[in-house]
Amino acid sequence: MPAVRLRRLREKRAIRDWVSETQLNPKSIILPYFVVEGKKIKEPIESMPCVYRLSIDNLLKDITEAVEIQAILLFGIPMHKDSLGFGAYKKNGIVQKAIRAIRKQRKDLIVITDVCLCGYASHGHCGIIKKRPEFAVDNDKTLEVLAKIALSHAEAGADFVAPSAMMDGQVRAIREVLDKKDFEEVGIMGYSAKYASNFYGPFRDALHSAPQFGDRKSYQMDYRNSDKALREIKQDIEEGVDIVMVKPALGYLDIIYRIKQKFNIPIAAYNVSGEYSMVKKYAQSREIEKDMVLEILTGIKRAGADFIITYWAKDLMKWLK
Ligand code: PBG
């Protein structure tokens with residue numbers, strides 16, 4: 001028997017590149033943006049080095065420079081928050097204005113918007129609070145508001161809306177209103193398997209959206225579960241979702257893999273703020289950072305993600321050249 005030499009395919013770089021099974025595709029990378037009211041604002045976020053809150057003028061500048069970016073995910077930070085999150089669906093809300101401005105500038109860009117209340121409601125929860133019998137997020141009242149937010153984003157020109165509140169029936173509620181108002185071309189990227197994670201901290205600093213009481217465990221998923229993620233995905237598919245999302249990504253590669261095996265639907269993975277900052281703060285040089293990020297993002301792709309939402313999107317475009 002001749003010796004089996006698996007190392008032959010790792011012998012030199014050209015061969016390694018030639019036989020590599022997984023490639024990161026710039027087209028499948030989604031860049032998140034935090035947009036604020038005002039002008040000429042580029043505000044650093046302490047817990048997320050190199051990520052900023054941008055006013056619309058600076059956002060446009062950034063987008064114009066980032067020509068390779070195909071898709072963005074927009075988060076708004078309103079000037080005022082109230083208990084009902086009114087700023088989330090105002091015609092002249094921050095996200096609505098940002099979408100219209102982007103539309104004038106880059107027609108080809110795929111604009112995805114986060115649909116949730118936590119960034120707009122003073123209590124920091126993802127939905128409407130009911131006080132009786134005890135403090136809780138009211139599922140069905142929240143659906144009405146999510147539908148209003150999604151519609152206002154569609155009217156402003158969003159390509160996809162991304163409900164992230166983890167309310168039951170959120171995809172159906174949004175699909176119904178979009179169809180009724182003639183926005184059947186606007187798609188839904190559902191945060192379908194979104195876990196109650198300890199890795200969202202820096203993001204909540206960015207949005208000032210940490211819950212003011214309690215936590216999100218009664219609506220976001222329990223990280224001990226994976227069968228339930230499949231049920232969430234199945235439910236969203238039945239309700240008409242176009243792309244499903246798993247979030248966070250790194251501790252959840254098995255979830256991505258299981259969904260990939262079981263369903264034929266595009267999967268987006270969200271490499272979240274805590275995962276970003278952890279590496280960002282550890283990597284002492286750009287070279288190490290680049291190598292670590294390529295390894296991590298390729299791992300997410302290898303697990304089965306079709307799209308990756310990452311704060312490294314712009315760096316990645318350079319690194320992949
Ligand atoms: C809003 C939302 C969150 C993130 C995306 N959309 C935070 C949360 O649920 O508290 C987190 C993204 C990140 O950490 O990068 N519901």
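A few remarks follow.
- Long-range neighbours under 8 Å by Cβ, at least six apart or interchain, first residue in a helix (DSSP H, G or I) within the stretch 204-221, second open to solvent by 70 Å² or more (accessible area, probe 1.4 Å): 205/46
- Among the candidates 66, 98, the residue that is surrounded by 22 or more Cβ atoms within 10 Å (Cβ to Cβ), within 25 Å of residue 245 (Cβ to Cβ), over 16 Å from the mean Cα position of the chain (by Cα) and of a type in the set (Gly, Ala, Ser) is uniquely 98.
- Residue in the stretch 158-171 that is part of a loop (DSSP other than H, G, I, E, B), away from the ligand (no atom under 16 Å from the Cβ) and not hydrophobic (A, V, I, L, M, F, W, C) present: yes
- Filter result for the condition that a residue is open to solvent by 70 Å² or more (accessible area, probe 1.4 Å) and either under 21 Å from residue 169 (Cα atoms) or among the basic types (Lys, Arg) (or both), over 228, 247: 228
- Within the stretch 266-291, being surrounded by 15 or more Cβ atoms within 10 Å (Cβ to Cβ), more than 16 Å from the ligand (Cβ to nearest atom) and modelled with pLDDT of 95 or more holds for 266, 267, 289, 290.
- Subset of the stretch 2-48 [in a loop (DSSP other than H, G, I, E, B) and within 25 Å of residue 299 (Cβ to Cβ)]: 11, 12, 20, 21, 22, 23, 24, 25, 47
- Considered as a group, the residues in the stretch 183-201 that are within 15 Å of the ligand (Cβ to nearest atom) and open to solvent by 20 Å² or more (accessible area, probe 1.4 Å) include one that is farthest from residue 37 (Cα to Cα), and that residue is 198.
- Contacts under 7 angstrom Cβ, first residue in the stretch 233-255 being within 15 Å of residue 270 (Cβ to Cβ), partner part of a helix (DSSP H, G or I) and of a type outside the set (Val, Ile, Thr), 6 or more apart: 244/236; 246/252; 248/275; 249/275; 250/275; 253/299; 253/303; 255/229
- Per this entry, residue 128 is not counted among residues that are touching a residue at least 60 places away in the same chain (Cβ under 8 Å) and either among the hydrophobic types (A, V, I, L, M, F, W, C) or open to solvent by 20 Å² or more (accessible area, probe 1.4 Å) (or both).
- One residue from 148, 141 being touching a residue at least 40 places away in the same chain (Cβ under 8 Å), assigned to a helix (DSSP H, G or I), away from the ligand (no atom under 11 Å from the Cβ) and open to solvent by 40 Å² or more (accessible area, probe 1.4 Å): 148
The values are calculated or read from the model by the stated rules, or taken from the named source; none is laboratory data. Fair warning: this is a prediction, and the values are worked out from it, not measured in the lab. All Cβ positions, even for glycine, are placed from backbone atoms using ideal geometry, and neighbour counts span all protein chains on display. Areas reflect the complete protein model, heavy atoms only, side chains present, ligands, DNA and RNA absent. Shrake-Rupley method; radii C 1.70, N 1.55, O 1.52, S 1.80 Å.
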